[in-house]
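Notes to accompany the following structure.
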Amino acid sequence: MHGIAWTKESVNEFFDKACLTEMEKNIIKARINEKSRVEMAMKYNISLSTVDKTISRVMKKYDYCQKHSEILPKREKSIKNIYG
């Protein structure tokens, strides 16, 4: 997920607080490693639509968790960060 300055601590904090599925965790890890949506769809054998929905769902969870965490940085909310 672009728009977030990820650190090991912030990833662990988010994973602990957000009740993510394994697919959501995989998508976050792929986004952190700058994989494209197409690469993620191919790797996990899912559609681009599913990748996009998962990213959107994860961003909503992140925004909620960020409000209740002292560790998680604020996310830049830009369309280029969503589909970059």
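Please give, to one decimal in nm, the separation of the simple spin-label points placed at Asp63 and Glu22, each 7 Å out from Cα toward the Cβ.
2.9
Taking a 25 Å limit on the Cα-Cα distance, which of the listed pairs Lys35/Lys67; Lys43/Lys74; Lys53/Lys74 fall beyond it?
Numbers: Lys35/Lys67 27 Å; Lys43/Lys74 29 Å; Lys53/Lys74 21 Å.
Long pairs (Cα-Cα over 25 Å): Lys35/Lys67; Lys43/Lys74.
Give me the 1.4 Å probe accessible area per residue for the chain, excluding ligands and nucleic acids, in Å². Provide the component values of the computation, followed by the final result.
Working: 5370 Å² over 84 residues.
Per residue, the chain has 64 Å² of solvent-accessible surface.
Averaging the inverse of every distinct alpha carbon separation and then flipping it gives the Kirkwood radius. What is it for segment 1-45, in angstrom units?
On the way: mean 1/r = 0.0905 Å⁻¹.
Taking every pair of different Cα atoms in segment 1-45, averaging 1/r and inverting gives 11.0 Å.
Over the chain, what percent of the accessible surface lies on carbon and sulfur atoms, probe 1.4 Å?
Carbon and sulfur atoms account for 51 percent of the accessible area of the chain.
Can you compute the equivalent ellipsoid semi-axes for segment 1-80, i.e. the square root of 5 times each eigenvalue of the Cα gyration tensor, sorted largest first and rounded to whole Å?
Its equivalent ellipsoid spans semi-axes of 21, 13, 11 Å.
Given the -39500 (n - 2.57) contribution per DSSP H run of 4+ residues, what per-residue ellipticity at 222 nm results for the chain, rounded to the nearest 500 deg cm²/dmol? Walk me through the numbers before you get to the answer.
Numbers: 5 runs with 55 residues, N = 84.
Counting only the DSSP helices, I get -20000 deg cm²/dmol.
The values are calculated or read from the model by the stated rules, or taken from the named source; none is laboratory data. No experiment lies behind these values; they were computed from the predicted model shown. When we count neighbours, we look across all protein chains shown, and the Cβ atoms used for this are built from the backbone with ideal geometry, even at glycine. When the accessible area is computed, the model is the full protein with side chains, heavy atoms only, and any ligands, DNA or RNA have been set aside. Shrake-Rupley method; radii C 1.70, N 1.55, O 1.52, S 1.80 Å.
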